1. Hey, can you tell me all the residues within the stretch 137-155 that are more than 12 Å from residue 243 (Cα to Cα) and either buried (at least 19 other Cβ atoms within 10 Å of the Cβ) or free of Cβ contacts under 8 Å to residues at least 40 places away in the same chain (or both)?
2. Taking the options 212, 184, 176, name whichever one is within 18 Å of residue 40 (Cα to Cα) and more than 12 Å from ligand 2 (Cβ to nearest atom).
3. Looking at the structure I just gave you, is residue 200 over 29 Å from residue 10 (Cα atoms), surrounded by fewer than 23 Cβ atoms within 10 Å (Cβ to Cβ) and in contact with a strand residue (DSSP E or B) (Cβ under 8 Å, 6 or more places away or on another chain)?
4. Looking at residue 233, is it exposed (fewer than 14 other Cβ atoms within 10 Å of the Cβ), in contact (Cβ under 8 Å) with a residue 24 or more places away in the chain and away from ligand 1 (no atom under 16 Å from the Cβ)?
5. Please state which one of 243, 238 is touching a strand residue (DSSP E or B) at 6+ places or on another chain (Cβ under 6 Å), under 16 Å from residue 143 (Cβ atoms) and touching a residue at least 40 places away in the same chain (Cβ under 8 Å).
6. What residue, among those in the stretch 120-134 that are out of contact with any helix residue (DSSP H, G or I) (no Cβ under 7 Å at 6 or more places or on another chain) and more than 12 Å from residue 87 (Cα to Cα), is nearest to ligand 1 (Cβ to nearest atom)?
7. Looking at the stretch 128-233, what helices (runs of 4 or more DSSP H) fall wholly within it and have at least 2 residues that are within 22 Å of residue 95 (Cβ to Cβ)?
8. Take residue 30 and decide whether it is in contact (Cβ under 8 Å) with a residue 24 or more places away in the chain and more than 30 Å from residue 182 (Cα to Cα).
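Each reported figure results from applying straightforward, stated rules to the coordinates on display, with no laboratory input. These numbers come from a predicted model, not from an experiment. Note that we place each Cβ from the backbone using ideal geometry, even for glycine, and neighbour counts take in every protein chain shown.
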Ligand code: PHE
Ligand code: FE
């Protein structure tokens, strides 16, 4: 079990804070608008329809940084989700508990204009632009709630390291198969201009069919573009694959080793067998 850490001063017991929208500076609003314009120009034809539909439905464009109160009226009507402000990363059990109750914890701060592309901690652009459009999709909305419930369970079973990989390779870096080719739904990709292009168009990374057990055995990168992306055949299939009881899967995983991050296995459904040239060039630096 993880130890319980208490929230920082000024936060509520569930770690939420007020968004305090009036305190954003004009420069901060301009940062949002720049990022919004850049990504919304890049994403048609690259992001999946569910994401683009959500982006349209939410109106994240008027007046700079969105006001959570207004956003939540729109989002609540669509799927019953809401966004709550938090001071930064929160403990796992707090995060999962919010998700299990259809609340998405979002950072309140926005990145510095000198660091538009590099982020150590998720900011409001990643959290809101990246994550919230998909929460307007009823199936994905259910998946995220189920993930929160599953996270609480995994914590109790001491299996979070395996389950966290599922979050990473779906919610953050997932691709969705369409007749026109893979499209993006992962928040870590759609909130990054460079990875938006890399994930779909670069010959370096592998693009492999979604496979629950395989994903839970695959480590991931937190410091650079992914070496492998996983492609789900539909959001319904993603939800269905995760509705089963993971206790048996965790049992199975206890006896199996990790799969090297760049490997393509004989059992993989291969969309792209990557050259890994990009990853190699970074090691050589
Ligand atoms: N079905 C999983 C379990 O039994 C929970 C879960 C659902 C996990 C959806 C992730 C995503 O623990
Ligand atoms: Fe995220």
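1. 137, 140, 141, 148, 151, 154
2. 184
3. Spelling it out, residue 200 is indeed over 29 Å from residue 10 (Cα atoms), surrounded by fewer than 23 Cβ atoms within 10 Å (Cβ to Cβ) and in contact with a strand residue (DSSP E or B) (Cβ under 8 Å, 6 or more places away or on another chain).
4. Considered against the rule, which asks whether it is exposed (fewer than 14 other Cβ atoms within 10 Å of the Cβ), in contact (Cβ under 8 Å) with a residue 24 or more places away in the chain and away from ligand 1 (no atom under 16 Å from the Cβ), residue 233 comes out as no.
5. Exactly one of 243, 238 is touching a strand residue (DSSP E or B) at 6+ places or on another chain (Cβ under 6 Å), under 16 Å from residue 143 (Cβ atoms) and touching a residue at least 40 places away in the same chain (Cβ under 8 Å), namely 238.
6. The qualifying residue nearest to ligand 1 (Cβ to nearest atom) is 127.
7. Answer list for the stretch 128-233: 138-157, 160-167, 187-190, 212-216.
8. Answer is yes for this residue.
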